[in-house]
Amino acid sequence: MAAYERVLVEIAAGIGSVTLNRPEKLNAFDRAMCDELLEALRLLSGSDGVRVIAITGAGRAFCAGADLSVLGRDGSALVAAGKDVALALRAAPQPVLAVVNGAAAGGGANLALACDYRIASDQASIGQVFHKLGLVPDWGGTFFLPRLVGTSKALELVWSARMVPAPEALDLGLFDRVVPHARLASDARALAQSWSAQPPSAVRRAKAALYRSEAGALESVLDLEITQQNELFATPEVRERIAGGASIAKRSG
């Protein structure tokens, strides 16, 4: 098993678990964490011994999106990594389960949406908070969000930049199941075990068939997101908002 610092990887009873491991940063992405996540996904998806992949976060958050302390410098690289991660999740032959233990914001929200299924704590929330920085959704958000909630609701969620609490997220289809926080790990494990007990050749063919019609469109949307985000990174307003957000995060930390 490869050694990582920013993600934890474990394989047990056919379930490959990936835990985002920057709890002091609410599991926010920097370049190293993106690289490790992508490598871990490729490792697990390529293993015949892994029948289900589960992704969660350490500590009290699932993922806060980009680390604002590096976004001004590494924004383009973080956005590009989102394309690689989203495509890796969809290309993984196994079911991919997001275990949303807390806040999933920005790119963290869309990491969850890129997974095949989302089970969430009743204390979790999810939000397209990009407009707070003057940015647009990336990591596949403009593809996944309208397919789950419809175009008009997707626009409201993007324009309001609000965090959606678990009960509303369940009603909207952003979360597929919400359980009491204390039961999240056990219920997620039981769900993954039920999937892993199915014939793997049938499970993998079903996933491939269901997503085949979306594959070309997803890559095109991801490329558009990268273009738009890089245009916005170059604007004075975005640079000012990112710098202000990083200062607030540093003081609160």
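No lab work stands behind these numbers, since they all come straight from the coordinates. Quantities reported herein were computed from a predicted structural model and do not represent experimental measurements. Reconstructed Cβ throughout: ideal geometry from the backbone, glycine too, with neighbour counts over all protein chains shown.
Couple of notes before you dig in:
- Each distinct pair of alpha carbons in region 112-234 adds a 1/r term; the inverse of their mean, the Kirkwood radius, is 16.1 Å.
- For region 175-253, alpha-carbon Rg over 2.2 N^0.38 Å: 1.81
- Applying the criteria of a DSSP loop state and at most 13 other Cβ atoms within 10 Å to the GluC sites (Glu not before Pro) of region 1-93 yields GLU5.
- Under the combined filter of DSSP loop state and at most 13 neighbouring Cβ atoms within 10 Å, region 78-170 retains none of its chymotrypsin sites (Phe, Trp or Tyr not before Pro).
- Neighbour-limited loop hits for trypsin sites (Lys or Arg not before Pro), region 58-128 (at most 15 other Cβ within 10 Å; DSSP other than H, G, I, E, B): ARG60
- The ranking of TYR4, TYR211 by Cβ neighbour count inside 10 Å, starting from the fewest, reads TYR211, TYR4.
- Taking Lys and Arg as +1 and Asp and Glu as -1, the other residues whose beta-carbon sits under 10 Å from that of VAL79 total -2.
- Between helix 184-196 and the chain: long-axis angle, C-alpha atoms, 0 to 90°, nearest 10: 50
- Sorted by Cβ neighbour density within 10 Å, fewest at the top, the residues MET33, MET163: MET163, MET33
- With a cut-off of 11 Å between beta carbons, the residues surrounding ALA32 carry a summed charge of -4, where Lys and Arg count +1 and Asp and Glu -1.
- The chain: angle of helix 200-212 to the longest principal axis, Cα-based, in degrees nearest 10: 40
- Matching the structure-derived Cα extents along the principal axes in Å against the labelled list [x] 54, 38, 35; [y] 70, 45, 39; [z] 59, 39, 36 gives the label [x].
- Between the Cα long axis of helix 68-91 and the first principal axis of the chain there is an angle of about 30°, rounded to the nearest 10.
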